[in-house]
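A short write-up of the structure that comes next.
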Amino acid sequence: MGSSDSNGGSQRLLDLAQRLRLYKPPPFPEDILDQIMEENGGKVGSQASYPESTTPIAQNPEKFRYKRAAVLICIFEGDAGDLRVILTKRSSKLSTYSGEVALPGGKAEEGDKDDGDTAKREAMEEIGLDPELVDVVTVLEPFFSKYLMTVVPVIGILHDKKAFKPVLNPAEVEAVFDAPLEMFLKDENRSQEKMQWMGENYLIHLFDYEMEHKKYLIWV
């Protein structure tokens with residue numbers, strides 16, 4: 001287990017934050033969409049995505065281009081010294097992704113200074129995570145959701161997990177839990193399934209996870 005500094009953060013998390021700040025995502029100007037569409041026959045997907053995980057987009061990219069969202073990959077150190085990430089189970093009453101496991105996050109709103117602001121604001125609204133507790137260190141390459149939205153993953157470090165007292169918004173979230181980050185990095189923890197949408201094949205990555213006698217199916 002990592003040693004703690006006077007501010008409640010472990011040295012391991014401080015070192016991780018320092019390393020992550022060195023990462024710079026590739027440039028992703030909005031007008032690159034046309035180039036991606038031309039090169040991929042009208043389909044778009046992250047360069048970091050798995051094979052067959054590209055998304056076909058609508059015939060009107062102008063309408064799509066300005067939709068933007070951010071999700072928070074909030075990492076903290078567990079009691080056993082392992083790195084863990086905060087996840088939510090979405091409300092079954094939502095019209096999209098109902099009942100599914102997700103990262104905290106949502107659409108950008110007027111007044112958000114950047115993607116980090118969007119992700120932290122949404123996490124506050126969904127699960128009561130105080131933005132002041134989250135140290136945003138970098139963002140990853142954006143990807144496109146099946147609902148034709150540019151989604152930016154934001155990596156934040158939660159140095160003081162005990163200061164986080166979840167307050168769920170029942171209209172959006174049914175549960176909040178955490179999972180070991182390592183689970184998503186090892187092949188043996190992953191199963192795969194092919195699915196079709198709009199006539200295209202997709203490779204879905206599934207993780208069966210159990211915490212406190214509750215079972216979750218996580219797919220990416």
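Can we say Val151 is in contact (Cβ under 8 Å) with a residue 60 or more places away in the chain and closer than 22 Å to Pro25 by Cβ? It is true that Val151 is in contact (Cβ under 8 Å) with a residue 60 or more places away in the chain and closer than 22 Å to Pro25 by Cβ. Scanning the stretch 182-201 for residues that are part of a strand (DSSP E or B), more than 26 Å from Lys107 (Cβ to Cβ) and among the hydrophobic types (A, V, I, L, M, F, W, C) turns up nothing. When the stretch 113-149 is filtered for residues that are part of a helix (DSSP H, G or I), surrounded by fewer than 23 Cβ atoms within 10 Å (Cβ to Cβ) and under 13 Å from the mean Cα position of the chain (by Cα), only Gly116 remains. Within the stretch 68-112, being assigned to a strand (DSSP E or B) and of a type outside the set (A, V, I, L, M) holds for Arg68, Cys74, Phe76, Glu77, Arg84, Thr88, Lys89, Arg90, Gly105, Gly106, Lys107.
Set side by side, the residues Glu172, Glu182, Glu193, Glu200 differ, and just one is open to solvent by 70 Å² or more (accessible area, probe 1.4 Å) and touching a residue at least 60 places away in the same chain (Cβ under 8 Å), which is Glu182.
The values are calculated or read from the model by the stated rules, or taken from the named source; none is laboratory data. It should be emphasised that the depicted structure is a prediction, and the values quoted were computed from it without experimental measurement. Every residue, glycine as well, gets a Cβ built from its backbone with ideal geometry; the counts of neighbours run over all protein chains shown. When the accessible area is computed, the model is the full protein with side chains, heavy atoms only, and any ligands, DNA or RNA have been set aside. Shrake-Rupley method; radii C 1.70, N 1.55, O 1.52, S 1.80 Å.
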